[in-house]
Every structure is written in C-alpha cells, then in structure tokens.
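Below is one structure; the comments refer to it alone.
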Amino acid sequence: MPESRLSGALMSPKVNLMVDMGNPFLNHTLDGFLKIGGVAAAKAAAEETYKMGKRGSVSGQSLEQSVRKMCKEGAYWGTVAGVYVGMEFGVEKVRGTRDWKNSLIGGALTGAIVSTASGHDKDKIVFNTIAAAAIATAKDFLAYLT
C-alpha cells in the first residue's frame, strides 16, 4: 500500500531593508519604523478590504478613507516602534551590555514618551510605562525560549 508523508517547516519571512543614515542609532530607529509601520499599514488595509467587501461596494471616498487609515496606523505604530528600537539601542550603548534589562528600560522609556506625547494624565502615563516595560521584557524572554 502506498504511503505518503507531508513534512515542512514554518518559518517567518525575513525582510531586510537597509537604509544607511550614517549613524547606527538612526539606522536602527528607521528600520523599526519601516518594518512595524509596514505591518500596521498592511493590517489596516486588510481590515478596510474586509469592511468594503462586507458592504459590497467600493467608492472613491471609501478608498481615500482607507488609504488615510493605512497611513495613520503605519505612521503611529512605526513611530512607536522607532522610539522603542532607538531607546533599546541607546540603553545598550550606555550600559555596554546586551540583555533583557535594555528591553525593560527601553520599553519603559518608550511607554512614558509616547504616553506623555499623547497628552495622558499622570496615572495613565505610569500605567503605560509599566505596560510597555512588561511587553518589551516579555518579548526578550519569549525570544529566549524559542
């Protein structure tokens, strides 16, 4: 009796786009902005495509609104990622070591900066700082497990 076997590997695609800004800090920051901003824009595009499909119609106004949302989401999340990557890189250079503590500090600084720039009150800034630090640290611990 013939036997068949299916095997494979699931790997995430690597996208490396290097824009040399002449400074490693700026290079890392721009890289984070472009990668995460692109992901956020793609997410917004998928959501908007679903909404248009559900409505069953596409108009010039809905396309324009979708492009605006893609740009807004991409710019926001790209900026957050750029700030985080820049903070983590800067902390690594200041501390002279590469470990999970850089992610913790970089995440906390990013949470505080983004929350303050968004005009939140003091309590919300503290909560966002703690959340961003925890998420950034969890990212390192999860990467260590895989």
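Computed from the coordinates by the stated procedures, all read-outs in this text should not be read as laboratory data. Quantities reported herein were computed from a predicted structural model and do not represent experimental measurements. All Cβ positions, glycine included, derive from the backbone under ideal geometry; neighbour counts span all protein chains shown.
Which of the residues spanning the range 77-106 are polar (S, T, N, Q) and under 19 Å from the mean Cα position of the chain (by Cα)? Full working, then the answer.
So the first thing to find is which residues in the range 77-106 are polar (S, T, N, Q), and the list is 79, 97, 102-103.
Within the range 77-106, Thr79, Asn102, Ser103 qualify.
Take the range 36-55 and flag every residue that is over 16 Å from Cys71 (Cβ atoms) and either surrounded by fewer than 11 Cβ atoms within 10 Å (Cβ to Cβ) or in contact (Cβ under 8 Å) with a residue 40 or more places away in the chain (or both).
Start the filter on the range 36-55 by keeping residues that are over 16 Å from Cys71 (Cβ atoms), which leaves 50-55.
Of everything in the range 36-55, those that are over 16 Å from Cys71 (Cβ atoms) and either surrounded by fewer than 11 Cβ atoms within 10 Å (Cβ to Cβ) or in contact (Cβ under 8 Å) with a residue 40 or more places away in the chain (or both) turn out to be Tyr50, Gly53, Lys54, Arg55.
I'd like to know if the range 56-66 contains one or more residues that are surrounded by fewer than 18 Cβ atoms within 10 Å (Cβ to Cβ), farther than 30 Å from Met18 by Cβ and among the aliphatic types (A, V, I, L, M). Lay out the reasoning, then the answer.
Filtering the range 56-66 down to residues surrounded by fewer than 18 Cβ atoms within 10 Å (Cβ to Cβ) leaves 56-65.
Now narrow it down to the ones that are farther than 30 Å from Met18 by Cβ: 56-65.
After this cut, where a residue has to be among the aliphatic types (A, V, I, L, M) as well, the list is 58, 63.
Yes, that holds for at least one residue.
Just need a number here: residues in the range 98-126 that are in a helix (DSSP H, G or I) and either among the charged types (D, E, K, R) or without any contact (Cβ under 8 Å) to a residue 12 or more places away in the chain (or both).
If we filter the range 98-126 for residues that are in a helix (DSSP H, G or I), which is where we start, we get 100-117, 122-126.
So of that shortlist, the ones also either among the charged types (D, E, K, R) or without any contact (Cβ under 8 Å) to a residue 12 or more places away in the chain (or both) come out as 101, 116-117, 122-124, 126.
Going through the range 98-126 one residue at a time, the tally reaches 7.
Given (1) closer than 28 Å to Ala143 by Cβ; (2) not in a loop (DSSP other than H, G, I, E, B), where does Arg68 come up short, assuming only one miss?
Unmet for Arg68, out of (1) closer than 28 Å to Ala143 by Cβ; (2) not in a loop (DSSP other than H, G, I, E, B): (1).
Being small (Gly, Ala, Ser) and in contact (Cβ under 8 Å) with a residue 60 or more places away in the chain is the filter; apply it to the range 76-97 and report the residue that is surrounded by the fewest Cβ atoms within 10 Å (Cβ to Cβ).
Taking the range 76-97 and keeping what is small (Gly, Ala, Ser), we get 78, 81-82, 86, 90, 96.
Pick out the ones that are also in contact (Cβ under 8 Å) with a residue 60 or more places away in the chain and you get 86, 90.
On the way: Gly86: 20, Gly90: 17.
Per the stated criteria, the residue is Gly90.
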